[in-house]
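Remarks on the structure that follows.
The values are calculated or read from the model by the stated rules, or taken from the named source; none is laboratory data. Keep in mind it's a predicted model, so treat the numbers as computed, not measured. Quick reminder, even Gly has a Cβ in these numbers, built from the backbone with ideal geometry, and neighbours come from all protein chains shown.
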Amino acid sequence: MDMFEKRRRVAICRGPHCSARNSAALAELLDAELAVHGLEDDVGTRPGACNKLCDEGPSMVVHPDKIWYSCLTSDAVREIVREHLSRGEPVRRYVARDLSRFDDFGSFEP
Ligand code: FES
């Protein structure tokens, strides 16, 4: 299935600051957790560019929900998969930006 046919897409930042904080390992964990929860067909993942949250990295964006997460840890990724990507409830304590109420901000996804 094409990435853009999936219900949600997640881009974990692979910019220099987040990479130095091991965002690649979190991306692997994210894929593994999606498989555990049977969400591979619902959620696509890909490396993302810098989200301008470098001091709070690792960061990631969930499309099309317009939710930016920061200060990610392994536990945070597991909880975000369980609560947001599975049940649709963003995990507020890791949300850095929530643009979900801006309807006209829909074309940013590359
Ligand atoms: S390098 Fe990840 S937010 Fe800038």
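Points to keep in mind about this one:
- Residues within the stretch 1-26 that are of a type in the set (D, E, K, R) and more than 19 Å from residue 88 (Cβ to Cβ), tallied: 3
- Taken as a whole, the structure leaves residue 75 outside the set of residues that are modelled with pLDDT under 95 and either surrounded by fewer than 21 Cβ atoms within 10 Å (Cβ to Cβ) or among the acidic types (Asp, Glu) (or both).
- Answer residue from the stretch 26-58, given it is within 16 Å of the ligand (Cβ to nearest atom) and free of Cβ contacts under 8 Å to residues at least 24 places away in the same chain and is surrounded by the most Cβ atoms within 10 Å (Cβ to Cβ) among those: 27
- Filtering the stretch 2-52 to residues that are assigned to a loop (DSSP other than H, G, I, E, B) and either on the phi > 0 side of the Ramachandran plot or among the charged types (D, E, K, R) (or both) leaves 2, 6, 7, 14, 21, 22, 38, 40, 41, 42, 52.
- Between 90, 64, the distinction of being of a type outside the set (A, V, I, L, M, F, W, C), surrounded by fewer than 15 Cβ atoms within 10 Å (Cβ to Cβ), under 13 Å from the mean Cα position of the chain (by Cα) and more than 16 Å from the ligand (Cβ to nearest atom) belongs to 64 only.
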